[in-house]
1. Checking residue 111 against (1) in a helix (DSSP H, G or I); (2) among the aliphatic types (A, V, I, L, M); (3) over 16 Å from the mean Cα position of the chain (by Cα): exactly one of these is not met. Which one?
2. Give the number of residues within the stretch 132-166 that are closer than 14 Å to residue 89 by Cβ and out of contact with any helix residue (DSSP H, G or I) (no Cβ under 7 Å at 6 or more places or on another chain).
3. For residue 74, which of the numbered conditions (1) surrounded by fewer than 20 Cβ atoms within 10 Å (Cβ to Cβ); (2) under 22 Å from residue 222 (Cα atoms); (3) of a type outside the set (Phe, Trp, Tyr); (4) touching a residue at least 60 places away in the same chain (Cβ under 8 Å) fails to hold?
4. Among the residues of the stretch 86-104, is any of a type in the set (A, V, I, L, M), modelled with pLDDT under 95 and more than 28 Å from residue 4 (Cβ to Cβ)?
5. Against the condition under 22 Å from residue 116 (Cβ atoms), without any contact (Cβ under 8 Å) to a residue 12 or more places away in the chain and loosely packed, with under 14 Cβ neighbours inside 10 Å, how does residue 264 come out, does it pass?
6. Select from the stretch 205-263 the residues that are more than 12 Å from residue 41 (Cα to Cα) and either in contact with a strand residue (DSSP E or B) (Cβ under 6 Å, 6 or more places away or on another chain) or small (Gly, Ala, Ser) (or both) and list them in ascending order.
7. Out of 204, 219, report the one residue that is over 20 Å from residue 21 (Cα atoms) and assigned by TED's automatic domain parsing to the domain that holds residue 138.
8. What do you reckon, is residue 129 of a type in the set (Ser, Thr, Tyr), modelled with pLDDT of 95 or more and either in the same structural domain as residue 219 (by TED's automatic domain parsing) or within 18 Å of residue 204 (Cα to Cα) (or both)?
Amino acid sequence: MVELFEKELNMPDRKSSKGNQLKFCRDNIWYKADYLGYEGLVEYTVSKLLGLSDLEKDEFVEYELDEISYNGQIFNACRSTDFTGGWQLITLERLFKQQYGRGLNNIIYSIDNYEQRLETIVNEVQRITGVNNFGTYMCKMLTVDALFLNEDRHTHNIAVMMDGHGKYKLSPIFDNGAGLLSDTQMEYPLSQDYNDLIDIVKPKTFCDDFTMQLDIAEKKYGHGITFDFKYSDVSEIVMSAEQYDEVIRKRVVEIIMQMRRKYKYLFK
């Protein structure tokens with residue numbers, strides 16, 4: 001457990017649709033407290049499973065579990081090393097406001113066609129930043145979101161990185177904690193059957209259906225990620241997180257395996 005203080009509280013320009021978790025930074029380590037359920041467990045689990053894919057290590061942020069003490073309260077949490085390396089993280093919402101005086105979310109939802117929404121995101125980001133493979137990047141991110149039911153991937157939660165000379169590059173994939181029905185307070189209570197809840201989760205990137213988003217991206221930019229994990233891998237990762245109730249851990253394992261069956265074509 002680590003005790004953190006108000007001077008270390010750091011709430012960057014990355015907003016959740018449900019409010020912001022407490023975030024802290026100390027000695028280039030970021031800590032995020034659980035907010036609506038078991039977000040830390042999800043960040044940890046997803047990052048470990050991304051390690052069992054064909055993504056390179058620098059393409060995603062790795063999270064570890066932790067507990068933090070703040071203002072006399074104890075929180076389950078996760079931590080990650082600062083991955084920016086002196087670069088500035090800029091959300092797409094901020095990038096577009098700087099470029100056009102208008103946020104990206106407003107722009108894409110003024111377009112009726114879903115394919116054109118994704119093309120607008122990709123083409124405009126590439127034009128502004130000079131990054132040429134943003135379509136492939138988006139496809140990989142949407143693959144992660146579909147498989148792990150991340151409902152919080154919106155324009156405040158997708159970013160690029162810029163150095164002090166105006167050069168841009170891709171950010172590693174981060175912030176997956178809203179996945180796997182982690183919001184047990186507002187949306188996905190533990191008392192309800194997770195199979196019923198899976199059917200009502202909706203993404204927020206450019207349409208409200210995970211499979212449709214992924215299909216559109218794959219047809220345009222190719223297959224994103226191939227995974228190589230099975231039940232024993234998932235169980236070992238999740239069940240070792242003993243700071244979480246067993247009911248939560250079993251639910252997470254079952255949800256992942258259900259999604260693995262749904263998207264079996266993503267696996268070796």
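The values are calculated or read from the model by the stated rules, or taken from the named source; none is laboratory data. What you are looking at is a predicted structure, and each value in this text was computed from that prediction instead of being measured. Positions of Cβ are backbone-derived with ideal geometry, glycine not excepted, and every protein chain shown enters the neighbour counts.
1. Exception for residue 111: condition (1).
2. 5
3. (2)
4. So the first thing to find is which residues in the stretch 86-104 are of a type in the set (A, V, I, L, M), and the list is 89-90, 92, 95, 104.
Narrowing the set further to residues that are modelled with pLDDT under 95 leaves 104.
Next cut, more than 28 Å from residue 4 (Cβ to Cβ) only: 104.
Yes; the residues of the stretch 86-104 include at least one that is of a type in the set (A, V, I, L, M), modelled with pLDDT under 95 and more than 28 Å from residue 4 (Cβ to Cβ).
5. Judged against the criteria, residue 264 is not a match.
6. Matches in the stretch 205-263: 217, 222, 224, 225, 227, 232, 235.
7. 219
8. yes
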